Amino acid sequence: MGVSPTDSSSTASGVAKATAPRPARLQRRAGTLAQWSGWPFVLPAILLLLLLNVFPLIFSVVMSFSNVSTDNGLRLTSATLANWGQLLHDSDFWSSLRFTVFVVVLAVGGELVCGLTLALLLWRPLPGAGVFRVLFTIPMMIAPVAIGFIFRMIFNEQYGPVDSILRGLHLPTMQWLSSTGTAPYAVVIMDIWQWTPLMFLLLLAGLQSIPEDAMEAARIDGASGLRVIRDIVLPLLAPIAVMAVFLRMILAFTIFGEIYLLTGGGPGTATTSTTLFAYYQGYQSFNLSYGSTISLALLIFVTATGLTYLALTRPLLRRLRT
Amino acid sequence: MKSRGLWRYIPIGIWLVFVGLPLWWVVVTAFKDNSGIYFGARWLPWVDFTPTTDAWHEVLGGTSSVIGPLEHSLIISSAATSVSVFVGSLAGYGLARSRLKLGFLRNDDFAFFIISQRIMPPVVIVLAFFLAYKYLHLLDSLVGMTIIYIAFSIPLATWFMQSYFKQLPVEIEEAAYIDGDNRLTAFLRIAVPLTLPGLIATFLLTFSFVWNEFLFAVILTSNRATTLPIMIAIQQGEQGTNWWNICAISLISIAPMVIVAIFLQKRLVTGLLGGALK
């Protein structure tokens, strides 16, 4: 658990660790391996990414500072700041960003709580645990559009099972998808259903990597179960949890297919995520410049949030490790 | 260790109901028709509705056949996954075993560059691809879709393969060099076979991402290269939603992924977290 998950990679230290405790003769050979320049291996990936990701990204930036016309051949007319000016004053953009942040905070928070609970429940041996693990994993492998559609059936106010259960229990039913008050929460519930599995798998692996002697020592000291969890387990689990939340956060910011099928962004614009908004503006309204501007604003926001998150969690991790 | 804490079955059971209800619903709805849906919620075949296979006939050759999109999905996913896992394995091996240097940039910087491409929201590049494909005549083509999915998949494939290669002891490859192997033959003859389970896991995960992807497909395809997710999305016909058809198509798209889930659940974690876990 010593390696901080915020290290983007541990390549150098990994090589050093592997070469350290070996006899001199082998170490010389390892030296030749370590000095090997692996360019022929790495270059294809880097070139493909430059061509297929970085170049389109640059082209997006260019589009956002001009007006694209495709009437007779592609033309980029006049360098302009108009798109960015429009964005700053576009209340629909800001509400889409607000909704996206709402989903990220509530859904990822919920996934952390549910995933941690499930991981703790299945940590110690339990008959049938292997079956539960597989069943719990299934939702994250399902296509987002299929999930969006499935939950549209589930939340259907006339024919859906949720309302039929509520009626059976004599509880008030809800207009899950047609009310601006509840539709955002329906998105959150769907996302928790879909992505708790990832959080659960990562945290369970983290739990299983906790050394048994740390647990034994605490138990000999007579600490109760809950205290062991609070004082030993959670601090040791924190690095994995920080990494898992980061991963989910980045992916949740780009939520699209699920919502496209669940609500189409409605009612009104109540569940329009920023990616969905960029899709509507850039592709359906065919305003490529403005769509690019929205997507770049999302990129900036995701990057800034990600970096802030990593900066905020680093001291926390350091404190927990000592 | 003997198992204790049987109370744990209660919260686990509650979660199973939460996970299982939507899955159960999609399975039973695929065997319903009008009467099974529009007269309120029906839960159990033969008990409160009469199951029918109409939807399956329709979907597997009828008016809303998925055979074409199913073929497209298989071709695009297999091709894009093969290329990106190959390229990603090479890059992952290079990152795990060599010292790269370019000015002040080192291995970590290149690894970060590669994985950062996956952190970028896909919507940022898709409109540029739309324009480029329009002029290259790659819109709505299997080749075009394969290319963009290669770009989409290389970062994760590289990341996973790098962490699997790092878990291999380097001594075996060193022994191979003494036997006269070069970098490439040591990679192909030693490293790849030794990390085969990891390679398969990477392949399956990459495949599942491409198989399920929707944003690129909805913008870049219309007819000749539509994939299964598109078929799910366009079923809202003039006569309203064809619930049963969409459920059948969804099940066709979900079935292979369940197998992937069974195989992946452990490997996924070691691939994602690599060195952070012991």
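The values are calculated or read from the model by the stated rules, or taken from the named source; none is laboratory data. Bear in mind the structure is a predicted one, so any value in this text is a computation, not a measurement. Glycine also receives a Cβ, built like all others from the backbone with ideal geometry; neighbour counts cover every protein chain displayed.
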- Restricted to the range A:143-161 and to residues being of a type outside the set (Lys, Arg) and more than 7 Å from chain B (Cβ to nearest Cβ), the residue farthest from the chain's Cα centre (by Cα) is A:158
- In the range B:215-230, which residues are buried (at least 24 other Cβ atoms within 10 Å of the Cβ) and within 9 Å of another protein chain (Cβ to nearest Cβ)? B:228, B:229
- Grab the helices (runs of 4 or more DSSP H) fully contained in the range A:60-145, keeping just those with 2 or more residues being closer than 15 Å to residue A:190 by Cα, in contact (Cβ under 8 Å) with a residue 24 or more places away in the chain and not polar (S, T, N, Q). A:91-123
- Task: Might you let me know whether the range B:162-171 holds any residue that is hydrophobic (A, V, I, L, M, F, W, C) and either modelled with pLDDT under 90 or at positive phi (or both)?
- Result: yes
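The rows are residues; the columns are (1) in contact with a Ser or Thr (Cβ under 7 Å, 6 or more places away or on another chain); (2) surrounded by fewer than 22 Cβ atoms within 10 Å (Cβ to Cβ).
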| position | (1), (2) |
| --- | --- |
| A:270 | yes, yes |
| A:285 | no, yes |
| A:289 | yes, no |
| A:301 | no, yes |
| A:307 | no, yes |
- Filtering the range B:34-55 for residues that are within 7 Å of another protein chain (Cβ to nearest Cβ), of a type in the set (A, V, I, L, M, F, W, C) and out of contact with any strand residue (DSSP E or B) (no Cβ under 9 Å at 6 or more places or on another chain) leaves a count of 1
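Residue-wise test of (1) within 30 Å of residue A:216 (Cβ to Cβ); (2) modelled with pLDDT of 90 or more.
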| residue | (1), (2) |
| --- | --- |
| A:124 | yes, no |
| A:130 | yes, no |
| A:138 | no, yes |
| A:143 | no, yes |
| A:148 | no, yes |
| A:151 | no, yes |
| A:154 | no, yes |
| A:157 | no, no |
- Limited to the range B:1-33, what total is found for residues that are more than 8 Å from chain A (Cβ to nearest Cβ), of a type in the set (Val, Ile, Thr) and over 17 Å from residue B:56 (Cα atoms)? 3
- Regarding residue B:179, is this residue farther than 26 Å from residue A:70 by Cβ, more than 9 Å from every other protein chain (Cβ to nearest Cβ) and either surrounded by fewer than 22 Cβ atoms within 10 Å (Cβ to Cβ) or acidic (Asp, Glu) (or both)? yes
- Note on the structure: Checking B:19, B:26 in turn, the sole residue that is within 24 Å of the chain's Cα centre (by Cα), on the phi < 0 side of the Ramachandran plot and in contact (Cβ under 8 Å) with a residue 40 or more places away in the chain turns out to be B:26
- Message: Need pairs with beta-carbon distance below 9 Å; first residue in contact (Cβ under 8 Å) with a residue 60 or more places away in the chain and within the range B:87-102, second of a type in the set (Ser, Thr, Tyr) and not in a helix (DSSP H, G or I); sequence gap 6+ or separate chains.
- Response: B:89/B:195; B:95/A:9
- Message: Exactly one of these conditions fails for residue B:67: (1) aliphatic (A, V, I, L, M); (2) over 23 Å from residue A:41 (Cα atoms); (3) within 11 Å of another protein chain (Cβ to nearest Cβ). Give me its number.
- Response: (3)
- Query: Could you say whether any residue in the range A:220-234 is within 9 Å of chain B (Cβ to nearest Cβ) and either within 30 Å of residue B:228 (Cα to Cα) or in contact with a Leu (Cβ under 8 Å, 6 or more places away or on another chain) (or both)?
  - Reply: no
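Just the residues that are in contact (Cβ under 8 Å) with a residue 40 or more places away in the chain and facing chain A (nearest Cβ under 7 Å), please, taken from the range B:119-129.
B:122, B:123, B:127, B:129
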- Is there a residue being of a type outside the set (D, E, K, R) and more than 20 Å from the chain's Cα centre (by Cα) anywhere in the range B:70-83? no
- Message: Which condition from (1) over 30 Å from residue A:208 (Cα atoms); (2) among the β-branched types (Val, Ile, Thr); (3) more than 10 Å from chain A (Cβ to nearest Cβ) is the one that residue B:195 breaks?
- Response: (1)
- Message: I'm trying to understand the selection: among the residues of the range B:241-260, which are within 17 Å of residue B:77 (Cβ to Cβ) and among the small types (Gly, Ala, Ser)?
- Response: B:250, B:253, B:255
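I'm trying to understand the selection: among the residues of the range A:125-141, which are within 7 Å of chain B (Cβ to nearest Cβ) and in contact with a Pro (Cβ under 8 Å, 6 or more places away or on another chain)? If you could, list the steps in order and put the result at the bottom.
First, the residues of the range A:125-141 that are within 7 Å of chain B (Cβ to nearest Cβ): A:125-127, A:132-139, A:141.
If the condition is that a residue be within 7 Å of chain B (Cβ to nearest Cβ) and in contact with a Pro (Cβ under 8 Å, 6 or more places away or on another chain), then A:136, A:137, A:138, A:139 are the ones that fit.
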- Residues (facing chain A (nearest Cβ under 8 Å) and aliphatic (A, V, I, L, M)) located in the range B:74-118: B:87, B:90, B:91, B:95, B:96, B:100, B:111, B:114, B:115
- When residue B:178 is run through (1) in contact (Cβ under 8 Å) with a residue 40 or more places away in the chain; (2) farther than 29 Å from residue A:52 by Cα, the failure sits at (1)
- Query: Among the listed residues A:228, A:245, A:187, which satisfies the condition of being over 12 Å from residue A:111 (Cα atoms) and modelled with pLDDT of 85 or more?
  - Reply: A:187
- Query: Can you tell which of B:233, B:186 is at the interface with chain A (Cβ under 7 Å from one of its Cβ atoms) and more than 17 Å from the chain's Cα centre (by Cα)?
  - Reply: B:233
- Task: Being at pLDDT 85 or above, assigned to a loop (DSSP other than H, G, I, E, B) and closer than 26 Å to residue B:211 by Cα narrows it down to one of B:18, B:31, so name that one.
- Result: B:31
- Task: Starting from the range B:247-275, take each residue that is more than 7 Å from every other protein chain (Cβ to nearest Cβ) and list its partners that are buried (at least 19 other Cβ atoms within 10 Å of the Cβ) and among the hydroxyl-bearing types (Ser, Thr, Tyr), counting only C-beta distances under 6 angstrom and pairs at least six apart or across chains.
- Result: B:247/B:29; B:271/B:163; B:274/B:163
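Do any helices (runs of 4 or more DSSP H) entirely within the range A:257-322 hold 2 or more residues that are closer than 28 Å to residue A:140 by Cβ and without any contact (Cβ under 8 Å) to a residue 24 or more places away in the chain, and if so, which?
On the way: elements: A:257-262, A:274-279, A:288-321.
Per the criteria, A:274-279, A:288-321.
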